[in-house]
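Read through the structure below, which is laid out as structure tokens, and then see the notes.
Where a number appears in this text, it was derived from the coordinates with a stated rule and is not lab data. None of these values were measured; they are calculated from a predicted model. So basically every Cβ, Gly included, is an ideal-geometry build from the backbone, and we count neighbours across all protein chains shown.
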Amino acid sequence: MKDKEIDEILKHAAQGPDVLDPMLLAQVAKSIESDMKPVRPLPPTWMLAGGLFLVCAAIAIAGAARAGFYGIEKLSALERALIFPALGMFIWLAAMTWVNEMIPGSRRRAAPGTLLGLGTAGLLAVFAGVFRDYHTEHFVSAGILCLVVGLLHAIPTGLLSWFILRRGFAVDTVGAGLAAGTLAGLAGVTMLEFHCANLEALHVMVWHTAVVVISGAVGAGIGWAVGPRSGTEIRGVRA
Amino acid sequence: MAPVDGAHESVNAGDDWVRPLCRMYSDSNLEVLMARYQQGDLAAATALIHRLSPQLHRFFVVQSACRGDADDLLQETWLRIHKVRHTYRGGEPVLPWLYAIARHIRVDHFRKTLRTTAREQRLDDTPEVPAAVASGSATTMGLEALLAPLPESQREVIEMMKVAGMSLEEVARATSSSVGSVKQKAHRAYQKLRERLSGIGETKGSDGGSS
């Protein structure tokens, strides 16, 4: 059987009667009538993403200003030129992804999971290329401190970013949560790169990058908790 | 892949008060109607409801719902669309936006249904195959019966492409996936449909030979 024949059968089947009560449509129309007023469409994607980008930059800079710019002072010009543009690019990608997740029917250029994977791998590659000191001192205690500081800066970033996108509607809440968490985590890492003077390669690669991974996972978990399980196969409810 | 409007006509057959509205907007595209809806135009909203409800209803019926459920889901979808109508961007295609919301409502609804029915029935029971599948020929089967054996993800792709007349790109947007993934699902669905329809043809043939 050829595809065209299947097309014809499907077309024929779709033309069969699907009786829809006209009263139902009248009822739907009536139910929205009372609340019919003009609404302001969402701003363009670039504008929303720009707002998210600014929030991330503001939180990272404000946090580092309060704690001290010790990290960026220790970095060479080349190291700064490699780390911060890369972080800026990942933040922009995460912001665009989150905005798209909050607008139904948007074109999905990268799935939030892919974004988190690429962001993490990209950061690891940049850190591995920049930092060559593999000697470690107070690996766990210093690392946990950085992890906590990074996550503490991710929380306000997530909240402020959500405020910017509060008028959006996430049809895939897990994906939206993952994108939001990744963005917030990247703001935390940026703050750490400004502030943390510990330039040991393993410290930066493990603990700084972990901020993004944990923040993304927490975001996805929140999305899972608040929304329907998109993509799950539903069986056993056929009437 | 042209949209199939047969169901739409049957709905409007006994609904005379709607006809002037539909006629008023017959030449307008959905994007214009959505823009007017966002501006608070009730006539545009009503025209959209009457134009798109039949295919949305069919989408819900095909996606494992009974007609009662489909009616509820349709109402719920329009209420949600009304609530989030500001998220539609002018110039973007309307159908992916609409179907993305409809999918969300369906998943949410069935999650709630599963919670309440989990104690009452075994969920791993094989769904009942509609009678038309067993007894009818391929050409007389209803769409629901025809697509019933397909997995949910393939069923929705075929429904959006063949009933709603959406392009691969639009289906990808509506399902938050890539065009490649949609193509793959459609290809697999066609493979299954081919096997199934060939099987029905052979069964009918052998029945005809023996009688």
*Of B:Lys112/B:Lys185; A:Lys11/B:Lys183; A:Lys4/B:Lys183, which ones are farther than 25 Å apart at the Cα?*
B:Lys112/B:Lys185
*From other protein chains only, count the Cβ atoms within 10 Å of every residue's Cβ in B:174-185, then give the mean.*
3
*GNM, chain A, Cα, under 10 Å: largest mean-square fluctuation among A:Val39, A:Val149, A:Val189?*
A:Val39
*Length-normalised contact order of chain A in % [C-alpha pairs under 8 Å, at least 6 apart]*: 27 percent
_Residue-averaged [θ]222 nm for chain A, counting only DSSP H segments that reach four residues, each worth -39500 (n - 2.57)_ = -23000 deg cm²/dmol
*If the viscosity is 1.567 mPa s and the temperature 4 °C, what Stokes-Einstein diffusion coefficient in µm²/s follows for chain A when Rh is the Kirkwood radius over Cα pairs?*
64 µm²/s
*Contact order relative to length of region A:142-192, as percent, for alpha carbon pairs under 8 angstrom and 6 or more apart*: 63 percent
*A:Lys30 paired with A:Ala128, simple spin-label distance in nm, labels 7 Å along Cα-to-beta-carbon*: 6.6 nm
*Positive-end residue, chain A charge dipole about Cα centroid, Cβ charges, pick of A:Thr136, A:Val206, A:Pro22*: A:Pro22
*Under Karplus coefficients 6.51, -1.76 and 1.60, residue-wise ³J(HN,Hα) of region B:176-186 in Hz, glycine/proline x*: 6, 9, 8, 4, x, 5, 5, 4, 5, 5, 5
*Exposure rule at most 10 other beta-carbon atoms within 10 Å, DSSP loop GluC sites (Glu not before Pro): chain A longest free segment*: A:1-136
*Please list, or write none, the lysines whose alpha carbon is within less than 19 Å of the alpha carbon of A:Lys37, excluding same-chain residues fewer than 8 places away.*
B:Lys83
*Inter-chain Cβ neighbour average for residues A:1-10, partner chain, 10 Å*: 6
*Separation of the B:Leu42 and A:Ala58 label points, Cα + 7 Å toward Cβ, nm*: 4.1 nm
_At R0 = 51 Å, how high is the FRET efficiency between A:Ala121 and B:Glu195 if r is their beta carbon distance? Nearest 0.05 is fine._
0.80
*Would you work out if region A:1-52 is rounded, prolate or oblate? Take a ≥ b ≥ c from the square roots of the eigenvalues of the alpha-carbon gyration tensor; rounded if a/c is under 1.5, else prolate when a/b is larger than b/c, oblate otherwise.*
oblate
